[in-house]
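Notes to accompany the following structure.
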Amino acid sequence: LVIGIGPGDPSQVTIQAVRGLNDADVVFEIERGARYLTDVRREILTRYMDHDPRIVPLHEPPRDRSDQPAAAYGAAVQDWRSARADVWEHAIADEVPDDGCAAFLVWGDPSLYDSTIAVLDDVRERGHIAFSYEVIPGISSIHALTARHGISLNRVGSAVQITTGRRLIDHGWPAGVDDVVVMLDSGGAFRAVIDLDLTIYWGAYLGTPDEILISGPLAEVAGEIERVRAEARERHGWVMDAYLLRSRACE
Ligand SMILES: C[S@@+](CC[C@H](N)C(=O)[O-])C[C@H]1O[C@@H](n2cnc3c(N)ncnc32)[C@H](O)[C@@H]1O
């Protein structure tokens, strides 16, 4: 089972996810080194599982994160994914009983900027072990963001694009859309489009007690977001944020 667990608030775990967790003989825990993510996952297991789960850590292979051209970046991601598939293949073979069920807990929703499904496909395509998987959706950080700002994701009959900070910097505002959701921004990618007439809806640590929300005309609040983000990052040692950029031209 590939189970979406929502963006950080244990009360945003669905009933279907809880049922899935309770069907699992083994819960695989991907070791990302982020203490906070592990704590939230453990809290969810303690709160919702009616038996003591067997938790099996999955070691994450090192990843080359050096700045590189897009083609080399794609190859580095591919290498990393394949190294993960090696680890997962052995873990599934060794740890899951025949006809047993394992759970992979995925932050937010498994279909959104997450490679769990792709790595499982890699493992399956190798053909050494046979298994099927089912995906249980979760509340994504995008939906936590729009809910907390009390806005809809799209405007009537209008298109939305979901992209990364890196792509916003490299390609600017995408053609044909009025709303852009930016994820995986290491900081300030919105500066690339600061001259456009945009409203930003920004959120950090969504669904957690540390949540921060800022919204307003991009040019007016960009500096405040950068300052608040830097302070929060300093305080917590990490930051996870996402934002919606809304073109004001079609408001
Ligand atoms: C690897 S992606 C995973 C997204 C996840 N699958 C989802 O459905 O939200 C990680 C990015 O999601 C966003 N994100 C995830 N959880 C968040 C949260 N609690 N608050 C703000 N942004 C979050 C950030 O943009 C972060 O860089």
Notebook entry, point to check: Do you know which of the residues in region 201-251 that are over 17 Å from Ser152 (Cα atoms) and aromatic (Phe, Trp, Tyr) is nearest to the ligand (Cβ to nearest atom)?
Noted result: Tyr205
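With the condition kept exactly as written, say whether any residue in region 124-136 is within 16 Å of the ligand (Cβ to nearest atom), among the hydroxyl-bearing types (Ser, Thr, Tyr) and under 23 Å from Gly20 (Cα atoms). Let's see the steps before the verdict.
Keep residues of region 124-136 that are within 16 Å of the ligand (Cβ to nearest atom), which gives 135-136.
Retained after the next criterion (residues that are among the hydroxyl-bearing types (Ser, Thr, Tyr)): none.
No, region 124-136 contains no residue that is within 16 Å of the ligand (Cβ to nearest atom), among the hydroxyl-bearing types (Ser, Thr, Tyr) and under 23 Å from Gly20 (Cα atoms).
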Margin query: Every residue in region 46-62 that is under 21 Å from Val77 (Cα atoms) and open to solvent by less than 50 Å² (accessible area, probe 1.4 Å), please.
Written below: Leu58, Glu60, Pro61
Margin query: Please determine whether any residue of region 102-113 is within 16 Å of the ligand (Cβ to nearest atom) and either among the charged types (D, E, K, R) or farther than 28 Å from Thr164 by Cβ (or both).
Written below: yes
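Looking only at residues that are over 15 Å from the mean Cα position of the chain (by Cα) and within 13 Å of the ligand (Cβ to nearest atom) in region 137-152, which one is most open to solvent (accessible area, probe 1.4 Å)?
Start the filter on region 137-152 by keeping residues that are over 15 Å from the mean Cα position of the chain (by Cα), which leaves 146-152.
After this cut, where a residue has to be within 13 Å of the ligand (Cβ to nearest atom) as well, the list is 146-149.
Details: Thr146: 12, Ala147: 73, Arg148: 129, His149: 38 Å².
Across region 137-152, the extreme among qualifying residues is Arg148.
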Next item on the list: State all residues of region 211-251 that are open to solvent by 50 Å² or more (accessible area, probe 1.4 Å), closer than 21 Å to Asp178 by Cβ and either modelled with pLDDT of 95 or more or under 23 Å from the mean Cα position of the chain (by Cα) (or both); if no residue qualifies, say none.
Entry: Ser215, Ala219, Glu220
Next item on the list: Could you check, for region 71-90, whether at least one of its residues is of a type in the set (A, V, I, L, M), touching a helix residue (DSSP H, G or I) at 6+ places or on another chain (Cβ under 7 Å) and open to solvent by 20 Å² or more (accessible area, probe 1.4 Å)?
Entry: no
Notebook entry, point to check: What number of residues in region 165-191 are away from the ligand (no atom under 16 Å from the Cβ), among the small types (Gly, Ala, Ser) and in contact (Cβ under 8 Å) with a residue 24 or more places away in the chain?
Noted result: 0
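Quick check on Ile162: is it more than 15 Å from the ligand (Cβ to nearest atom) and among the aliphatic types (A, V, I, L, M)?
no
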Checklist line | Hits in region 187-207 - residues which are in contact with a Phe, Trp or Tyr (Cβ under 9 Å, 6 or more places away or on another chain) and surrounded by fewer than 15 Cβ atoms within 10 Å (Cβ to Cβ) | finding: none
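Considering only residues of region 114-123 that are away from the ligand (no atom under 16 Å from the Cβ) and in contact (Cβ under 8 Å) with a residue 12 or more places away in the chain, which is least open to solvent (accessible area, probe 1.4 Å)?
Applying the filter and picking the extreme gives Val123.
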Check: Quick one: which of Arg42, Arg19, Arg65, Arg35 is modelled with pLDDT under 90, surrounded by 12 or more Cβ atoms within 10 Å (Cβ to Cβ) and under 30 Å from Val181 (Cβ atoms)?
Finding: Arg42
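Mind checking which residues of region 84-121 are more than 20 Å from the chain's Cα centre (by Cα) and farther than 21 Å from Leu21 by Cα? Let's see the steps before the verdict.
Here is the first cut: in region 84-121, the ones more than 20 Å from the chain's Cα centre (by Cα) are 86-87, 89-102.
Of everything in region 84-121, those that are more than 20 Å from the chain's Cα centre (by Cα) and farther than 21 Å from Leu21 by Cα turn out to be Asp86, Val87, His90.
The values are calculated or read from the model by the stated rules, or taken from the named source; none is laboratory data. Because the structure is a prediction, the values reported are computed rather than measured. No Cβ is skipped: glycine too gets one built from the backbone with ideal geometry, and neighbour counts run over all protein chains shown. Each accessible area value is taken on the protein alone, full model and side chains, heavy atoms only, with ligands, DNA and RNA left out. Shrake-Rupley method; radii C 1.70, N 1.55, O 1.52, S 1.80 Å.
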